[in-house]
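Below is one structure; the comments refer to it alone.
The values are calculated or read from the model by the stated rules, or taken from the named source; none is laboratory data. In this text the structure is predicted, and so the values were computed from the model without any measurement. Virtual Cβ from ideal backbone geometry, glycine too; neighbours counted across all protein chains shown.
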Amino acid sequence: MRHRLPILSYAFLLMATTISNAPARTYTTTFPLIENPISEKNNWINGKTAGLDWANIRTTKGFAFGTESGGGGYDDSTALVAGNWGPDQIAEATVHTLNQNDNLYEEVELRLRSSLSAHSATGYEINFRCSKTGGTYVQIVRWNGPLGKFSYITTTKGPGLSDGDVVKAIIIGKVITAYINGVQVLQGTDSTYSNGSPGVGFFLQSGTGMNGDYGFTRFTATDEPKKRDPRS
């Protein structure tokens with residue numbers, strides 16, 4: 001049996017319609033400031049500052065990179081875009097990489113539906129190794145909260161990264177897809193997290209002092225990607 005809506009519900013429906021038709025939120029930066037950690041007028045939340053157990057991200061003019069020591073552990077350099085974001089998200093960045101060395105693990109990372117608080121980091125990390133050899137990989141990883149607690153959703157070998165490549169990650173519903181230069185390279189599914197922020201990260205292992213060899217020169221994030229072509 002259907003129930004008649006009370007008169008007040010009509011106003012609620014109008015408000016809900018207005019919210020659902022709101023334009024997608026977008027944040028784009030070419031990292032124009034010199035900051036340690038990155039802030040851009042309080043638009044970023046950092047791994048060490050907010051999460052305590054992870055590393056911050058810093059910038060020079062036109063370049064964002066990590067501050068992780070590289071001596072071991074999974075305290076990735078991490079920063080998330082502050083504010084409220086819709087659950088379906090795109091994160092995209094232009095890669096800068098030089099002096100590639102397969103004795104090191106240098107990763108650039110995109111974050112989706114992520115959050116940071118004291119001793120807790122959650123969300124999805126899509127990482128790409130900065131290499132062009134047989135040791136390259138792309139991975140979709142779920143961060144589970146405490147330092148070092150993460151789960152691999154899916155991974156693939158190759159195709160590798162060169163300076164100037166564009167990496168992209170999209171989450172729609174429970175489907176997460178990774179791209180390099182507009183070509184899909186990996187896809188996985190996970191329904192653990194339904195909200196959070198997009199962001200960036202960097203990982204360094206088996207070496208120190210190489211943080212400036214890889215990072216991002218541009219970053220953009222948006223929500224409501226259902227209306228957008230992921231190949232664009």
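Exactly one of these conditions fails for residue 110: (1) in contact with a Phe, Trp or Tyr (Cβ under 7 Å, 6 or more places away or on another chain); (2) in contact (Cβ under 8 Å) with a residue 60 or more places away in the chain. Give me its number.
With respect to (1) in contact with a Phe, Trp or Tyr (Cβ under 7 Å, 6 or more places away or on another chain); (2) in contact (Cβ under 8 Å) with a residue 60 or more places away in the chain, residue 110 is out only on (1).
Go through (1) closer than 27 Å to residue 32 by Cβ; (2) at pLDDT 95 or above; (3) surrounded by 13 or more Cβ atoms within 10 Å (Cβ to Cβ) one by one and return the number of the condition residue 225 breaks.
All conditions are met except number (2).
Could you check, for region 37-49, whether at least one of its residues is of a type outside the set (Gly, Ala, Ser), closer than 18 Å to residue 129 by Cα and at pLDDT 95 or above? Walk me through how you get there before you give the answer.
First pass over region 37-49, keeping only residues of a type outside the set (Gly, Ala, Ser): 37-38, 40-46, 48-49.
Narrowing further to those that are closer than 18 Å to residue 129 by Cα: none.
No, region 37-49 contains no residue that is of a type outside the set (Gly, Ala, Ser), closer than 18 Å to residue 129 by Cα and at pLDDT 95 or above.
Would you mind listing the strands (runs of 3 or more DSSP E) fully within region 29-137 where at least 2 residues are surrounded by 22 or more Cβ atoms within 10 Å (Cβ to Cβ) and of a type in the set (A, V, I, L, M)? Let's see the steps before the verdict.
Values: elements: 44-46, 57-60, 63-66, 77-81, 89-97, 105-117, 120-129.
Strands (runs of 3 or more DSSP E) meeting the threshold: 77-81, 89-97, 105-117, 120-129.
Return the only residue of 157, 149 being out of contact with any Phe, Trp or Tyr (no Cβ under 6 Å at 6 or more places or on another chain) and charged (D, E, K, R).
Result: 149 is the single residue among 157, 149 that is out of contact with any Phe, Trp or Tyr (no Cβ under 6 Å at 6 or more places or on another chain) and charged (D, E, K, R).
For the list (1) touching a Leu at 6+ places or on another chain (Cβ under 8 Å); (2) under 29 Å from residue 50 (Cα atoms); (3) acidic (Asp, Glu), I need the number of the one condition that residue 224 fails.
Residue 224 satisfies every listed condition except (1).
Within region 165-196, which residues are surrounded by 15 or more Cβ atoms within 10 Å (Cβ to Cβ) and at positive phi?
196
From the list 207, 188, 199, pick out the single residue that is farther than 18 Å from residue 144 by Cα and out of contact with any His (no Cβ under 9 Å at 6 or more places or on another chain).
Numbers: 188 fails: farther than 18 Å from residue 144 by Cα; 199 fails: farther than 18 Å from residue 144 by Cα.
Answer to the check: 207.
May I ask you to say which residue of 144, 181, 195 is free of Cβ contacts under 8 Å to residues at least 60 places away in the same chain and touching a Phe, Trp or Tyr at 6+ places or on another chain (Cβ under 8 Å)? Even if it seems obvious, please write down each step before you answer.
On the way: 181 fails: touching a Phe, Trp or Tyr at 6+ places or on another chain (Cβ under 8 Å); 195 fails: free of Cβ contacts under 8 Å to residues at least 60 places away in the same chain.
Checking each option against the conditions leaves just 144.
Considering every residue within region 142-160, establish whether at least one is within 13 Å of the chain's Cα centre (by Cα) and modelled with pLDDT of 95 or more. If you could, list the steps in order and put the result at the bottom.
Step one: of region 142-160, the residues within 13 Å of the chain's Cα centre (by Cα) are 142-143.
Okay, now just the ones that are also modelled with pLDDT of 95 or more, so 142-143.
Checked region 142-160: at least one residue is within 13 Å of the chain's Cα centre (by Cα) and modelled with pLDDT of 95 or more.
With respect to the numbered conditions (1) modelled with pLDDT under 95; (2) more than 26 Å from residue 96 (Cα to Cα), which one is the sole condition not fulfilled by residue 175?
(1)
What pairs come up if the first residue lies in region 74-103 and is farther than 14 Å from residue 211 by Cα and touching a residue at least 60 places away in the same chain (Cβ under 8 Å), the second is of a type in the set (Val, Ile, Thr) and assigned to a loop (DSSP other than H, G, I, E, B), and their beta carbons are under 6 Å apart, counting only those six or more places apart or on different chains?
Pairs found: 79/38.
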